[in-house]
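The values are calculated or read from the model by the stated rules, or taken from the named source; none is laboratory data. What you see is a predicted model; the values in this text were computed from it and never measured. Here Cβ is always computed from backbone atoms with ideal geometry, including for glycine, and neighbour counts include all displayed protein chains. The accessibility values were calculated without ligands, DNA or RNA, using every heavy atom of the protein model including side chains. Shrake-Rupley method; radii C 1.70, N 1.55, O 1.52, S 1.80 Å.
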Amino acid sequence: AQTVTQSQPEMSVQEAETVTLSCTYDTSENNYYLFWYKQPPSRQMILVIRQEAYKQQNATENRFSVNFQKAAKSFSLKISDSQLGDTAMYFCAFMKPNRDDKIIFGKGTRLHILP
Amino acid sequence: EPEVTQTPSHQVTQMGQEVILRCVPISNHLYFYWYRQILGQKVEFLVSFYNNEISEKSEIFDDQFSVERPDGSNFTLKIRSTKLEDSAMYFCASSPQGALWGVGYTFGSGTRLTVV
């Protein structure tokens, strides 16, 4: 069974700084997808970034980028020039590329951006 | 941008009562899901639904739970006899092609269910 581990329950950084959130996962699959979801205080789940395991290039979305290390089964999220609106719970998630398969979430990292 | 809509945003119910949580997925999506998040805990899969039937369900999704798509647009989650431990945030999600292309789901804003 697949598992997703986020070892940082909570983090705080100053506005405009760069922060990295860690995630490791366990799977025997060779092809799969990884995601970071953001859950602000409104509690909506918002997709931040996705990575296909067969792609070596790390995904980037504006200020958000990932460091995907397939052999190490590591998938960290880097937020550059952090903004107050980045304050949220961040979930790392895993999905196999099978039709209708479920997403498996980590326990989340609560990120506080301080003014 | 298309949205997944969930109603109500918050529901309070007496223990033992039936509740129906409603979702309107994105119109051209084919796969539908319910997840729940007990306060302070991680998001957990409940059930996936495709072609008018359940594709997969977790062990949480016992006989007290059911889903249906009654009219081609709504997707509902029914809890037959609520328990205190059913108190949670319930998220509906939809996907255009399931997990096949790994696009990730679009989640709704959630329904906060409080059982008293």
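Couple of notes before you dig in:
- Considering only residues in the range A:87-115 that are under 13 Å from the mean Cα position of the chain (by Cα) and charged (D, E, K, R), the one that is modelled with the lowest pLDDT turns out to be A:LYS107.
- Only a single item in (1) within 21 Å of B:PHE45 (Cα to Cα); (2) open to solvent by less than 70 Å² (accessible area, probe 1.4 Å) is not met by A:SER28, and it is number (2).
- For B:GLU85, the stated conditions do not hold, so it cannot be described as modelled with pLDDT of 90 or more, over 23 Å from A:PHE94 (Cβ atoms) and within 12 Å of another protein chain (Cβ to nearest Cβ).
- Among the residues of the range B:98-116, those that are modelled with pLDDT of 90 or more and part of a loop (DSSP other than H, G, I, E, B) comprise B:GLY108, B:SER109, B:GLY110, B:VAL116.
- The residue of the range A:1-25 that is farthest from A:ARG110 (Cα to Cα), among those that are open to solvent by 60 Å² or more (accessible area, probe 1.4 Å) and more than 16 Å from the chain's Cα centre (by Cα), is A:ALA1.
- The range B:38-97 holds strands (runs of 3 or more DSSP E) entirely within its bounds, and those carrying 3 or more residues that are touching a residue at least 60 places away in the same chain (Cβ under 8 Å) and on the phi < 0 side of the Ramachandran plot map to B:88-95.
- Neighbours by Cβ (under 8 Å, 6+ apart or cross-chain): first from the range A:87-115, more than 10 Å from every other protein chain (Cβ to nearest Cβ) and more than 11 Å from A:GLN39 (Cα to Cα); second open to solvent by 40 Å² or more (accessible area, probe 1.4 Å) and charged (D, E, K, R): A:HIS112/A:GLU10; A:ILE113/A:GLU15; A:LEU114/A:GLU15; A:PRO115/A:GLU15
- In the set B:ILE54, B:ILE26, B:ILE38, only one residue is within 14 Å of another protein chain (Cβ to nearest Cβ), farther than 19 Å from B:GLN6 by Cα and of a type in the set (A, V, I, L, M, F, W, C); that residue is B:ILE54.
Let's see how each residue does on (1) without any contact (Cβ under 8 Å) to a residue 60 or more places away in the chain; (2) touching a Gly at 6+ places or on another chain (Cβ under 9 Å):
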{"site": "A:TYR32", "(1), (2)": "no, yes"}
{"site": "A:TRP36", "(1), (2)": "yes, no"}
{"site": "A:GLN44", "(1), (2)": "yes, yes"}
{"site": "A:LEU47", "(1), (2)": "yes, yes"}
{"site": "A:GLU52", "(1), (2)": "yes, yes"}
{"site": "A:GLN57", "(1), (2)": "yes, no"}
{"site": "A:THR60", "(1), (2)": "yes, no"}
{"site": "A:SER65", "(1), (2)": "yes, no"}
{"site": "A:PHE68", "(1), (2)": "yes, no"}
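- Some residue of the range A:76-90 being under 15 Å from A:ASN31 (Cα atoms) and buried (at least 20 other Cβ atoms within 10 Å of the Cβ): no
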